[in-house]
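To keep things clear, I will list the structure first and then write my remarks on it.
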Amino acid sequence: MDLIDKKIVITGGSAGIGKSFLKELIKRGANNFAIIGRSEKPLEKLTQEFPDVNFVLIQGDVSALRDIERIVLMVEKHLGGADVLINNAGVVSAGGLEDISDEDIINQININLTGLILLTKKMMPLLKESKEGAIINVSSGLGYIAMPFYSVYAATKAGVRQFSDALRREFHMYPLHIMTVYPTATDTPMMKNADMDKEMDDPDMVAKESIDGLLNGELNVVFGGEQREKDIKTNFEEPLKIDEKAKAAYDNLKQRTKKHRAM
Ligand SMILES: NC(=O)c1ccc[n+]([C@@H]2O[C@H](COP(=O)([O-])OP(=O)(O)OC[C@H]3O[C@@H](n4cnc5c(N)ncnc54)[C@H](OP(=O)(O)O)[C@@H]3O)[C@@H](O)[C@H]2O)c1
């Protein structure tokens, strides 16, 4: 895929992994972006940081139907179409199921999954027009291997994984590469309160390897190394072995996830 001249839409492109996607794509010659986020300031900052780039900056919430409709209209009118959609915006609220507020449960599902599906649905007419397009859905390692205290988040990310695969099979007749990215703990604002006990991945590395994956035609870009790949296989074939690992990590995880909330 040639990235130059592509019209690229990034949800949550104003911070973290989404912003790293933006930087990586600019490095590789892309110049036309629509960036979506709820807060205005970080969006506006992008025009100062990248003065030579054509931006359509859209303040909006991917979980609000009205905003989604406005986002698609603005992309059509001001970006002139869409070749690549990067569904990256996401939130997390960790904790025991009984402790997570009802509101956080609803909002995690609405932002991470329902909003992603609705935005993709409404962007599809534009993406189908592309001669060489792509959809990159950002899931999570927890979308493959669920862990205690991330039950709701993991459910949304597993949903993203299945949505991606179904979409690719449903729209196989279009020149759209549909792929999924599975980061593990990555050093972004989302992880500020996560109390990690190991080093996190660099978001620029996550974006670089994901774009390499796109250019190589990969379907899944999984982070976390060989062990992660092995664990995914074990989780599928012998889930009780992963249950044992989760049991061993339980107390530590319970403690560390107490304050992990980025909504
Ligand atoms: N960091 C990790 O360790 C990690 C690991 C696995 C997967 N992921 C996934 O990677 C993606 C990016 O995460 P990140 O760590 O970069 O998060 P982040 O640092 O918190 O950045 C999230 C971005 O999404 C935007 N956003 C959040 N909710 C939104 C909404 N309702 N509508 C529109 N924009 C919204 C935020 O801007 P506003 O707040 O201004 O809206 C921000 O630009 C997420 O899907 C996350 O689940 C992250």
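Before moving on, here are some points about what is shown:
- Which numbered condition residue 217 fails, given (1) modelled with pLDDT of 95 or more; (2) assigned to a loop (DSSP other than H, G, I, E, B); (3) closer than 22 Å to residue 20 by Cα; (4) open to solvent by 50 Å² or more (accessible area, probe 1.4 Å): (4)
- Residue check, residue 224 open to solvent by 40 Å² or more (accessible area, probe 1.4 Å) and small (Gly, Ala, Ser): yes
- Residue 56 being surrounded by fewer than 20 Cβ atoms within 10 Å (Cβ to Cβ) and over 13 Å from the mean Cα position of the chain (by Cα): yes
- Condition check for residue 45: within 15 Å of the ligand (Cβ to nearest atom), open to solvent by 50 Å² or more (accessible area, probe 1.4 Å) and either in contact with a helix residue (DSSP H, G or I) (Cβ under 9 Å, 6 or more places away or on another chain) or closer than 23 Å to residue 175 by Cα (or both): no
- Residues of the stretch 80-90 satisfying the condition of being open to solvent by 20 Å² or more (accessible area, probe 1.4 Å) and either touching a Pro at 6+ places or on another chain (Cβ under 9 Å) or away from the ligand (no atom under 12 Å from the Cβ) (or both): 80, 83
- Which numbered condition residue 168 misses (of (1) away from the ligand (no atom under 13 Å from the Cβ); (2) without any contact (Cβ under 8 Å) to a residue 40 or more places away in the chain; (3) basic (Lys, Arg)): (2)
- Residue selected from the stretch 134-146 under the condition open to solvent by less than 50 Å² (accessible area, probe 1.4 Å) and touching a residue at least 60 places away in the same chain (Cβ under 8 Å), by the criterion farthest from residue 260 (Cα to Cα): 134
- Within the stretch 122-133, the set of residues being within 16 Å of the ligand (Cβ to nearest atom) and free of Cβ contacts under 8 Å to residues at least 60 places away in the same chain comprises just one member, 122.
- Close pairs from the stretch 7-33: first over 25 Å from residue 129 (Cβ atoms) and open to solvent by 20 Å² or more (accessible area, probe 1.4 Å), partner part of a strand (DSSP E or B) and more than 6 Å from the ligand (Cβ to nearest atom), Cβ under 8 Å, at least 6 apart: 14/35
- Subset of the stretch 233-263 that is out of contact with any strand residue (DSSP E or B) (no Cβ under 7 Å at 6 or more places or on another chain) and open to solvent by less than 50 Å² (accessible area, probe 1.4 Å) - its residue that is nearest to residue 166 (Cα to Cα): 235
- Exactly one residue out of 199, 226 is closer than 22 Å to residue 23 by Cβ and either at pLDDT 95 or above or not in a strand (DSSP E or B) (or both): that is 199.
- Pairs, first closer than 18 Å to residue 189 by Cβ in the stretch 250-263, second part of a helix (DSSP H, G or I), C-beta under 7 Å, six or more apart: 262/189; 262/190; 263/104; 263/107
- Among the criteria (1) within 21 Å of residue 156 (Cα to Cα); (2) open to solvent by 60 Å² or more (accessible area, probe 1.4 Å); (3) of a type in the set (A, V, I, L, M), the one residue 62 does not fulfil is (2).
- Scanning the stretch 16-36 for residues being within 8 Å of the ligand (Cβ to nearest atom) and in contact with a strand residue (DSSP E or B) (Cβ under 7 Å, 6 or more places away or on another chain) gives a total of 3.
The values are calculated or read from the model by the stated rules, or taken from the named source; none is laboratory data. Since the model is a prediction, treat every value here as computed from it, not as a measurement. Cβ sites come from the backbone with ideal geometry, for glycine too, and all protein chains shown count toward neighbours. These accessible areas exclude ligands, DNA and RNA; they are computed on the full protein's heavy atoms, side chains included. Shrake-Rupley method; radii C 1.70, N 1.55, O 1.52, S 1.80 Å.
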